[in-house]
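J.: Please read through the structure below; I'll follow up with questions.
The values are calculated or read from the model by the stated rules, or taken from the named source; none is laboratory data. Bear in mind that the values here come from a model prediction, so they are computed numbers and not experimental data. Every residue, glycine among them, receives a Cβ derived from its backbone with ideal geometry; neighbour counts consider all protein chains shown. Accessible surface is based on the protein model in full, side chains and every heavy atom, while ligands, DNA and RNA are left aside. Shrake-Rupley method; radii C 1.70, N 1.55, O 1.52, S 1.80 Å.
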Amino acid sequence: MSDVKLICDKSFSEVDQEVVDCFIEFQQALIDNDSDRLNEIVLEGVEFTNLIGKAQSKKEFLSQVTEEILVFTDSEILDPTILFDDEDTASLIATVRLTIKFYGNDRKMISNDVASFQKTDGKWHISKWDT
């Protein structure tokens with residue numbers, strides 16, 4: 001059962017759906033605290049802009065997740081839009097409602113997310129995430 005909900009009335013092309021599915025899988029891996037899956041989905045060298053606007057490396061961000069400083073418990077992705085630069089790079093823009101615990105404090109956040117994707121070896125990977 002997924003803790004990630006896609007709230008959207010529009011239909012996606014097959015390639016758009018692949019990008020959306022990758023973002024859903026990323027969100028679910030955050031909720032599951034699945035460091036192996038996160039390492040597979042997120043490319044090396046990725047920079048995250050976290051919930052308070054601070055830029056972090058992949059290592060810094062994922063350590064907050066795996067050390068349970070930042071615990072994701074629920075995600076709702078609202079009306080994502082997919083834009084392509086070329087056949088191997090794309091961006092997903094969406095409003096995302098997250099339920100998280102940060103240093104043990106419950107937070108409900110609504111953010112305007114922009115996730116960048118790179119296709120390598122036939123699979124989509126996150127190359128940047130601004131939330």
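J.: Which one of the conditions (1) charged (D, E, K, R); (2) part of a strand (DSSP E or B); (3) over 12 Å from the mean Cα position of the chain (by Cα) does LYS128 fail to meet, given that it meets all the rest?
T.: (3)
J.: Which is touching a residue at least 24 places away in the same chain (Cβ under 8 Å), open to solvent by less than 10 Å² (accessible area, probe 1.4 Å), closer than 16 Å to TRP129 by Cβ and not in a loop (DSSP other than H, G, I, E, B), of LEU62, LEU92?
T.: Working: LEU62 fails: open to solvent by less than 10 Å² (accessible area, probe 1.4 Å).
Testing whether each residue is touching a residue at least 24 places away in the same chain (Cβ under 8 Å), open to solvent by less than 10 Å² (accessible area, probe 1.4 Å), closer than 16 Å to TRP129 by Cβ and not in a loop (DSSP other than H, G, I, E, B) leaves just LEU92.
J.: On to the next question. State whether the residues of the range 41-55 include one that is part of a strand (DSSP E or B), without any contact (Cβ under 8 Å) to a residue 12 or more places away in the chain and open to solvent by 50 Å² or more (accessible area, probe 1.4 Å).
T.: From the range 41-55, those part of a strand (DSSP E or B) are 42-49, 55; that's our starting set.
Subset that is without any contact (Cβ under 8 Å) to a residue 12 or more places away in the chain: 55.
Now restrict to residues that are open to solvent by 50 Å² or more (accessible area, probe 1.4 Å): 55.
Looking for residues that are part of a strand (DSSP E or B), without any contact (Cβ under 8 Å) to a residue 12 or more places away in the chain and open to solvent by 50 Å² or more (accessible area, probe 1.4 Å), one finds at least one in the range 41-55, hence yes.
J.: How many residues does the range 73-114 hold that are of a type in the set (Asp, Glu) and within 12 Å of ILE7 (Cα to Cα)?
T.: To start, the set of residues in the range 73-114 that are of a type in the set (Asp, Glu) comprises 74, 76, 79, 85-88, 106, 113.
This time we only want the ones that are within 12 Å of ILE7 (Cα to Cα), so: 76, 79.
Number of matching residues: 2.
J.: One residue is enough: does the range 71-80 have a residue meeting the conditions open to solvent by 60 Å² or more (accessible area, probe 1.4 Å), part of a strand (DSSP E or B) and under 22 Å from LEU43 (Cα atoms)?
T.: no
J.: So, in the range 95-119, exactly how many residues are exposed (fewer than 14 other Cβ atoms within 10 Å of the Cβ) and modelled with pLDDT of 95 or more?
T.: Number satisfying all stated conditions: 0.
J.: If you don't mind, another one. Residue under question is GLU18, and the condition is that it be more than 13 Å from the chain's Cα centre (by Cα), modelled with pLDDT of 95 or more and not in a strand (DSSP E or B); does it hold? Steps first, answer last, please.
T.: On the way: more than 13 Å from the chain's Cα centre (by Cα): yes; modelled with pLDDT of 95 or more: yes; not in a strand (DSSP E or B): yes.
For GLU18, the condition - more than 13 Å from the chain's Cα centre (by Cα), modelled with pLDDT of 95 or more and not in a strand (DSSP E or B) - is met.
J.: Output the residues belonging to the range 1-32 that are among the β-branched types (Val, Ile, Thr) and either over 19 Å from TRP129 (Cα atoms) or open to solvent by 50 Å² or more (accessible area, probe 1.4 Å) (or both). Explain how you work it out, then say what you get.
T.: Here is the first cut: in the range 1-32, the ones among the β-branched types (Val, Ile, Thr) are 4, 7, 15, 19-20, 24, 31.
ILE7, VAL15, listed by residue number.
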